[in-house]
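Asker: Please read through the structure below; I'll follow up with questions.
The values are calculated or read from the model by the stated rules, or taken from the named source; none is laboratory data. The model shown is predicted, which means the values in this text are computed figures rather than measured ones. Glycine also receives a Cβ, built like all others from the backbone with ideal geometry; neighbour counts cover every protein chain displayed. These area figures cover heavy atoms from the full protein model, side chains too; ligands, DNA and RNA do not enter into them. Shrake-Rupley method; radii C 1.70, N 1.55, O 1.52, S 1.80 Å.
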Amino acid sequence: MQRFHIGAVTDVFSPDVAAAAPAMRSLGMRGAELRTLNGHNILEADREELERALRALKENHLDVIAIASPLLKCPLKDWPAQSSLTERAFDIATMAGAKIVRVFSGFRVAEPEKDFERVVDLLQDLSDKAARHGLIVALENDRACNIATAQEMAGVLAAIDHSNLRVVWDPAAAYISGEKPFPTGYQMLDSKRIALVHAKDCTLEGHKPVWEPIGEGDIDWPGQIDELAEDHYEGFINLETYWSGIGDCARNLKALVESPLL
């Protein structure tokens, strides 16, 4: 029995969704996350490109789970310029039938706590705007950004009690940022506010990640997935690996989500 639906960011398979979609479906995936199309960011795609990508996903029975936007993956001082892309991201999500728009927290500064209130204000505003579109903005923890760990994420969730703000939980990003993602990091999060989980695995050489197939690195994916099941997580686990053997990663992830609880 498969405890979770699995999917992938399409460009980990191919920059061309028409090539990625059948490969994803052949590996038992049911969901797709759109980040780039043909080598450029999803928010730069024209209508014809989007329609072609959505047609390929539909033909392969893949639902669009999220738009992996680059919103707030910039210096906070540049947000006034980048913010003009917000409505574009929401419009693409609506067109694709996706309920989640992934966002970030600004490029990490030397003392991220000093930018915390600014980050909270921006995420509150994005959440309000998402609500008007019937969408969710999901903040991803990212080692390059001000919110990199579960501990930092928990601070944001405590500061913003908003039904349209949720989490993209990336255990590997937390690990690279110096946190033990499971069980320590995960247990700091409100599991009910996790909208999506990104799956990749690695070891570390110093502070540098060495990417590995899912389940073969330092991330306790069996433990993490079992705990998600115990917490009645209902979202997707999406492959977002940097490992070149994408098929092996997908098969490993599929085996993990099919394993029964011990």
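Asker: Can you give me the distance in nm between label points at LYS58 and ALA255, each placed 7 Å from the Cα along the Cα-to-Cβ direction?
Answerer: About 3.7 nm, to one decimal.
Asker: Quick check: residue separation of TRP79 and ASP46 times 0.36 nm, minus the Cα distance between them. What number comes out in nm?
Answerer: My answer for the length gained is 9.6 nm.
Asker: Which order do HIS40, HIS162 take by accessible area at a 1.4 Å probe, largest first?
Answerer: Order by accessible area, largest first: HIS40, HIS162.
Asker: Here is a follow-up. With every protein chain left in place, what is the accessible area per residue of region 129-262 in square angstrom, probe 1.4 Å? If you can, show how the numbers build up before the last one.
Answerer: Values: 5590 Å² over 134 residues.
For region 129-262, the solvent-accessible area averages 42 Å² per residue.
Asker: Using every Cα-Cα pair within the chain, state what percent have a distance larger than 30 Å. Write out the running numbers ahead of the final one.
Answerer: Numbers: 7768 of 34191 pairs.
In whole percent, the share of Cα-Cα pairs in the chain beyond 30 Å is 23.
Asker: OK, next. Just grab the label-to-label distance for ASP16 and ALA110, each label 7 Å out from Cα along the Cβ direction, in nm (one decimal).
Answerer: 4.8 nm
Asker: Measure up LYS129/LYS180; LYS77/LYS129; LYS99/LYS208 against 23 Å on the Cα-Cα distance and list the ones that go over.
Answerer: In this structure, LYS129/LYS180; LYS99/LYS208 exceed 23 Å between Cα atoms.
Asker: Shape verdict for region 155-262, please, from the Cα gyration tensor: rounded (a/c under 1.5), prolate (a/b greater than b/c) or oblate.
Answerer: oblate
Asker: Ignoring ligands, DNA and RNA, what percent of the 1.4 Å accessible area of the chain is carbon and sulfur?
Answerer: 49 percent
Asker: How large are Rg and Dmax for region 108-208 when only the alpha carbon atoms are used, in Å?
Answerer: Every Cα atom of region 108-208 included, Rg and Dmax give 13.5, 45 Å.
Asker: Moving on to the next point. Expressed as a whole percent, how much of the Cα-Cα distance distribution for region 50-180 exceeds 17 Å?
Answerer: 57 percent
Asker: Suppose a student asked you for the relative contact order of the chain, using Cα pairs under 8 Å spaced at least 6 residues apart; what percent would you report?
Answerer: RCO, the chain: 19 percent.
Asker: Given contacts defined as C-alpha pairs under 8 Å and at least six residues apart, what's the relative contact order of region 51-162, whole-number percent?
Answerer: It rounds to 26 percent for region 51-162.
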